[in-house]
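First the structure, in the form of structure tokens, and then the observations on it.
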2 protein chains.
Amino acid sequence: VRVKILGSAAGGGFPQWNCACRNCSGVRSGGVRANPRLQTQVAISHNGKWWCLLNASPDLRSQILNSPELHPREGQGTRDSPIASVVITGADVDQVAGLLHLREFQPLQIYATESVRGILTEENPIFRALQQAPNQATWRELPANQEFQLDCGDQPSNGFKCESISIAGDFPAYAGGITGSTVARARNSNQAVLGLILHSASGKKLAYLPNVAKLEDSWLPLLDACHTLLFDGTFWDDDELIRIRGEGKSAREMGHIPISGPEGSLKRLAGLTHPRKIYIHVNNTNPILDEDSSERQQVAAAGSEIAEDGWDFEL
Amino acid sequence: VRVKILGSAAGGGFPQWNCACRNCSGVRSGGVRANPRLQTQVAISHNGKWWCLLNASPDLRSQILNSPELHPREGQGTRDSPIASVVITGADVDQVAGLLHLREFQPLQIYATESVRGILTEENPIFRALQQAPNQATWRELPANQEFQLDCGDQPSNGFKCESISIAGDFPAYAGGITGSTVARARNSNQAVLGLILHSASGKKLAYLPNVAKLEDSWLPLLDACHTLLFDGTFWDDDELIRIRGEGKSAREMGHIPISGPEGSLKRLAGLTHPRKIYIHVNNTNPILDEDSSERQQVAAAGSEIAEDGWDFEL
């Protein structure tokens with residue numbers, strides 16, 4: 001399985017349009033040694049011909065432009081894409097807005113839980129831009145806490161075996177339901193935020209967990225059996241964003257276990273000895289973006305890596 | 001008034017992610033001499049300190065990154081933006097999706113007609129991401145066929161005198177209303193698509209008309225009194241997209257008068273002698289994007305220009 005990281009920042013990207021924190025100002029001026037990052041986007045392929053997107057970042061148009069593998073193929077007519085499917089693991093803006101970039105009458109399988117599909121297709125009709133023609137978007141069930149076949153291509157044999165893990169976490173604030181609407185529904189909280197474990201044909205596993213509000217002990221053996229972990233690296237501290245904005249929610253309240261601290265992910269994942277551990281979905285405020293920071297050294301010392309846009313590896 | 005063109009392509013941009021037409025293939029391979037273009041986005045400023053965005057393109061995040069004028073200013077704290085307001089002239093995806101890039105708790109005045117505001121704030125709750133905090137988005141009435149004051153900055157004196165013109169055209173297909181929802185409303189078709197005429201303090205006028213389904217004779221004197229015209233250059237031919245896709249709608253059915261033909265905009269605007277005439281919102285399929293095309297020569301011979309990303313001029 002080929003894995004391409006097309007974006008590694010959290011929502012807003014790095015730098016963020018309206019942010020003048022040390023990192024954002026520094027990356028604009030060159031005063032901080034750090035690489036700009038697009039919003040988190042991963043693409044996977046089992047055969048190099050067909051690709052599956054993990055979520056749909058608001059930066060997806062430029063991420064596709066930057067990736068020749070994702071361009072229309074020769075000899076396939078005037079409209080074509082090697083992007084066969086998209087898996088939506090939650091309804092946050094930075095996980096779904098990119099679907100609007102994919103609106104040009106192109107066949108596409110979109111996997112989402114029933115609740116997330118309802119938020120997008122029933123409660124936010126702007127996503128009907130994906131359903132202007134027959135054979136455009138085909139919505140597929142993304143089951144919670146189950147194995148399923150993730151199709152990716154023009155044949156039933158094209159695809160991945162995949163497991164989904166339901167993660168503690170809420171539906172986004174915007175999806176509170178429309179007052180007076182008959183389509184607002186009781187939501188199944190198991191369907192709000194999912195993690196994925198993808199299997200290669202040779203049995204290697206990739207865990208994709210960019211939004212982890214709470215890391216369950218019961219997952220650790222599952223994660224230790226993986227070859228590569230793409231894990232929530234949003235915040236270093238629980239109160240990081242409150243310090244920068246002067247108000248707001250803690251990392252955990254926003255659905256992200258911080259990296260540091262006795263209950264942080266760096267300590268909790270330290271015992272995993274098998275997988276390559278990569279932090280992804282890094283917020284613009286996170287000191288690990290600064291290549292000269294002590295926080296970055298602590299991550300490296302713990303044997304973990306920090307994703308960069310453009311990373312490309314085989315599973 | 002300073003005018004910056006941050007994007008000049010129609011929806012999908014150039015090249016478009018899934019398009020292998022002559023233009024898109026050629027700009028990717030270098031076989032056609034043409035410049036890539038982001039989706040149409042214009043920013044205007046009366047004083048160089050505060051900016052107003054005309055619509056909100058899906059490429060807005062990278063368009064802001066590319067424009068130092070739109071970055072946070074020094075000494076304004078950790079969160080800041082010189083973008084004071086946005087005018088939304090219609091509810092097409094390529095006019096509104098960029099609002100989701102502006103979701104980070106930043107004060108913003110958003111002008112839209114009552115109908116368009118209803119589509120966004122009531123019928124598509126994803127846009128509530130702009131209303132997570134008090135003093136974030138303030139929605140302002142964009143009246144149809146009226147003069148109004150377009151605020152842009154922290155003082156009532158900051159802004160523009162502006163006229164709106166109601167243009168024949170429909171609300172986008174996705175905005176058909178939610179079946180069973182009490183918020184679906186009778187829409188006022190006058191509020192579907194607006195054009196703008198902005199006045200500088202010295203009395204010069206800029207017409208912004210990227211979506212023109214039908215060019216009324218009565219507008220011609222109004223347009224001839226302008227200094228600069230940014231006009232709908234989406235399609236060369238009425239059946240251009242049908243030829244490429246093999247099916248679909250004509251240019252006029254999609255709300256765009258074509259450039260060519262006896263009733264096309266090139267002939268209809270030929271009699272205007274005062275304004276600088278610039279085509280914008282150019283679709284990836286339009287032959288005028290090819291710098292070696294005869295169609296481009298015809299545009300030049302008629303005294304019109306074709307917008308490029310990055311153009312920057314004073315009114």
Worksheet item: How about chain A: what cysteines have no other cysteine beta carbon under 4.7 Å from their own?
Response: A:C21, A:C162, A:C226
Item to complete: Please calculate how many Å² of accessible area the stretch A:224-273 carries per residue, with a 1.4 Å probe and no DNA, RNA or ligand atoms counted.
Response: 43
Practice prompt. Using a 1.4 angstrom probe on heavy atoms only, work out the carbon and sulfur share of the accessible area of the stretch A:16-78 in %.
Written response: 49
Worksheet item: How big is the gap, in Å, between the Cα center of the stretch A:225-302 and the Cα center of the stretch B:228-248?
Response: 48
Worksheet entry | Antiparallel DSSP beta bridges within chain A, as percent of all bridges there, nearest 5 | 50
Worksheet item: How high is the FRET efficiency from B:D170 to B:D224, r the C-beta distance, R0 41 Å, rounded to 0.05?
Response: 0.90
Fill in: Number of partner chain Cβ atoms within 10 Å, mean per residue of B:53-64
3
Discussion item. Let me check against my output: what whole-number percent is the relative contact order of the stretch A:1-132, with C-alpha pairs under 8 Å and at least 6 apart?
Written reply: 20
Practice prompt. Starting at the first residue of the stretch A:147-161, write each ³J(HN,Hα) from the Karplus equation 6.51 cos²θ - 1.76 cosθ + 1.60 with θ = phi - 60°, in whole Hz, x for Gly and Pro.
Written response: 7, 8, 8, 9, 6, 7, x, 9, 10, x, 6, 7, x, 10, 7
Discussion item. Per-residue Cβ counts within 10 Å, from other chains only, averaged over B:167-176: what number is that?
Written reply: 3
Worksheet entry | Cross-link pairs B:K161/B:K267; A:K214/A:K277; A:K204/A:K277 - those with Cα-Cα distance over 21 Å | B:K161/B:K267
Practice prompt. Just the number, please: Stokes-Einstein D of the protein assembly as shown in µm²/s, Kirkwood Rh from C-alpha pairs, 25 °C, 0.890 mPa s.
Written response: 98
Fill in: Antiparallel DSSP beta bridges within the stretch A:172-315, percent to nearest 5
25
Discussion item. Rounded to the nearest 5, what % of DSSP beta bridges with both residues in the protein assembly as shown are antiparallel?
Written reply: 55
Worksheet item: Got the relative contact order for chain B handy, in percent, Cα pairs under 8 Å and 6 or more residues apart?
Response: 19
Discussion item. What is the percent carbon and sulfur in the accessible area of the stretch A:238-302, measuring with a 1.4 Å probe over the protein chains and ignoring ligands?
Written reply: 49
Worksheet entry | Residue-averaged beta-carbon neighbours from other chains (10 angstrom radius) around B:77-88 | 3
Worksheet entry | Sum of -39500 (n - 2.57) over DSSP H runs of 4+, divided by residues of chain B (222 nm, nearest 500) | -3000 deg cm²/dmol
Item to complete: Assign one of three labels to chain B, namely rounded, prolate or oblate, based on the Cα gyration tensor with a ≥ b ≥ c the square roots of its eigenvalues; rounded applies when a/c is under 1.5, prolate when it is not and a/b is larger than b/c, and oblate otherwise.
Response: rounded
Worksheet item: Of B:I64, B:I280, B:I83, which has the largest mean-square fluctuation in a 10 Å C-alpha GNM of chain B?
Response: B:I64
Worksheet item: Any idea what the B:N190 label distances to the other copies are, label 7 Å down the Cα→Cβ vector, nm, shortest first?
Response: 5.4
Worksheet item: Shape call for the stretch A:164-315 from the C-alpha gyration tensor, a ≥ b ≥ c root eigenvalues: rounded (a/c under 1.5), prolate (a/b greater than b/c) or oblate?
Response: oblate
Worksheet entry | Among A:6-14, A:148-156, the order from most to least packed when residues are scored by Cβ within 10 Å on average | A:6-14, A:148-156
Worksheet entry | Rough spin-label spacing in nm, given labels placed 7 Å along Cα→Cβ, for A:S202 and B:F313 | 5.9
Discussion item. Sequence gap at least 6, Cα distance under 8 Å: using those rules, report the relative contact order of the stretch A:81-179 to the nearest whole percent.
Written reply: 28
Discussion item. I'd like the residues of the stretch B:101-126 whose 1.4 Å-probe accessible area shrinks by no less than 20 Å² going from the isolated chain to the full set of protein chains.
Written reply: B:H101, B:L102, B:R103, B:E104, B:F105, B:Q106, B:N124, B:P125, B:I126
Discussion item. Using a 7 Å offset from Cα along Cα-Cβ at B:R33, what residues in the stretch B:281-297 end up with backbone N under 13 Å from the label point?
Written reply: B:290-294, B:296-297
Response to the item:
Carbon/sulfur accessible area of the stretch B:128-229, % of total, 1.4 Å probe, equals 46
Response to the item:
Filtered hits (aspartates and glutamates, Cα-Cα < 17 Å from A:K49, offset >= 8 within chain) -> A:E69, A:E74, A:D80, A:D151, A:D154, A:D312, A:E314
Item to complete: Could you list which residues have their amide H under 5 Å from that of A:V193, counting only those 5 or more apart in sequence or on another chain, with H placed in the peptide plane?
Response: A:I167
Worksheet item: Put a point 7 Å out from Cα along the line to Cβ at B:T138; what are the distances to that point in the other copies, in nm, shortest first?
Response: 5.0
Worksheet item: Using a 1.4 Å probe on protein heavy atoms only, how many Å² of accessible area do A and B hide from each other, summed over both chains and rounded to 100?
Response: 5000
Item to complete: Would you please name the GluC sites (Glu not before Pro) within the stretch A:273-315 that are DSSP coil residues with at most 14 other C-beta atoms within 10 Å of their C-beta?
Response: A:E291, A:E308
Worksheet, complete the sentence: Protection proxy (average C-beta count within 10 Å per residue), highest first, orders A:263-276, B:190-203 as B:190-203, A:263-276
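The values are calculated or read from the model by the stated rules, or taken from the named source; none is laboratory data. From a predicted model like this one, the values you see are computed outputs, not experimental measurements. Neighbour counts run over all protein chains shown; Cβ positions are idealised from the backbone, glycine included. Note: areas computed on protein heavy atoms with side chains; ligands, DNA, RNA excluded. Shrake-Rupley method; radii C 1.70, N 1.55, O 1.52, S 1.80 Å.
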